[in-house]
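Notes follow the structure.
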């Protein structure tokens, strides 16, 4: 992996690069409807963006569900930057933020095609398969 900088911040701080990555991955590549992808929950989340040579290559958001639980969402890495550790770096940053905010569990909805990625990070499946945005998913959770 080349030098990657991970930045975290509010939606107002990271909206442009986070939206750019999400549009590339979810809307253009996977065909998710823009109104589903940009769901109006971004202002209430903490965002993480990975930059490689100044270009946004990955993103994730973290919402705080309750006093114990945070939910990782919209985890995306541009196709050309996959398999380079960027997804792991994003998830490590998300987990660090959750810990710093006193959360003990991170939950997420994983697309079934990338479930193995989350398995390797210590997440466990806590649901059967379901559809979200027309894509098969499973709910997963990790105790921090």
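Quick notes on this one:
- If you take the Cα centroid of segment 81-107 and the Cα centroid of segment 112-142, the two points sit 15 Å apart.
- Average projected area [Cα convex hull, segment 4-106], square nanometres: 6.2 nm²
- The chain: calculated mean residue ellipticity at 222 nm from DSSP helix runs of at least 4, using -39500 (n - 2.57): -7500 deg cm²/dmol
- Take the Cα radius of gyration of segment 35-88 and divide it by 2.2 N^0.38 Å, N being the number of residues; the result is 1.25.
- GNM on the chain, alpha-carbon springs under 10 angstrom: the most fluctuating residue among 15, 82, 120 is 120.
- The relative contact order of the chain, computed from alpha carbon pairs under 8 Å that lie at least 6 residues apart in sequence, is 20 percent.
- The label point for residue 101 and the one for residue 116, both projected 7 Å from the Cα toward the Cβ, are 3.1 nm apart.
Every number here is computed from the coordinates shown, using simple stated rules; none is lab data. It should be emphasised that the depicted structure is a prediction, and the values quoted were computed from it without experimental measurement. Note that we place each Cβ from the backbone using ideal geometry, even for glycine, and neighbour counts take in every protein chain shown.
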